[in-house]
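S.K.: Please find one structure pasted underneath; my questions will follow.
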């Protein structure tokens, strides 16, 4: 076997509602310590914290789209553990007050959601990361 030449990593830098100097300084320090722990930067890294959630495959991430337009009301909070079929949100039609439930295909952690409260049909409104791969093909565009 040929050893791997590198390590591919995606860093998620929080969301628009999580912007502050304190969080940025803490995140930068943690990234620095992580780079020390894998030998990219010299020095003694601090003790790494335990992961808050088991890593999941990208193919196990459910990108949830709004099937209709309307007022977006979330039923689950970010960080909630959900089961396949759980209602994450509802879309309320402002004209006739019909409610469309939005469910997830994946069981896992609800980790991303839209910050706007009016959904347009077809827009991404959230993501659930699950341990079981169920998607195939190009995964980064959907």
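S.K.: Residue check: is residue 55 out of contact with any strand residue (DSSP E or B) (no Cβ under 6 Å at 6 or more places or on another chain) and under 25 Å from residue 139 (Cβ atoms)?
M.R.: Values: out of contact with any strand residue (DSSP E or B) (no Cβ under 6 Å at 6 or more places or on another chain): yes; under 25 Å from residue 139 (Cβ atoms): yes.
Judged against the criteria, residue 55 is a match.
S.K.: Still on this model: For the structure I just gave you, tell me whether residue 64 is under 20 Å from the mean Cα position of the chain (by Cα), in the same structural domain as residue 107 (by TED's automatic domain parsing) and either modelled with pLDDT under 85 or surrounded by 10 or more Cβ atoms within 10 Å (Cβ to Cβ) (or both). Walk me through how you get there before you give the answer.
M.R.: Numbers: under 20 Å from the mean Cα position of the chain (by Cα): yes; in the same structural domain as residue 107 (by TED's automatic domain parsing): yes; either modelled with pLDDT under 85 or surrounded by 10 or more Cβ atoms within 10 Å (Cβ to Cβ) (or both): yes.
Taking the combined requirement at face value, the residue satisfies it.
S.K.: Assuming residue 50 fulfils every condition listed in (1) more than 23 Å from residue 140 (Cβ to Cβ); (2) more than 22 Å from the chain's Cα centre (by Cα); (3) part of a loop (DSSP other than H, G, I, E, B) apart from one, which condition is it?
M.R.: Every condition holds for residue 50 apart from (2).
The values are calculated or read from the model by the stated rules, or taken from the named source; none is laboratory data. Please read all numbers here as calculations on a predicted model, not as lab measurements. No Cβ is skipped: glycine too gets one built from the backbone with ideal geometry, and neighbour counts run over all protein chains shown.
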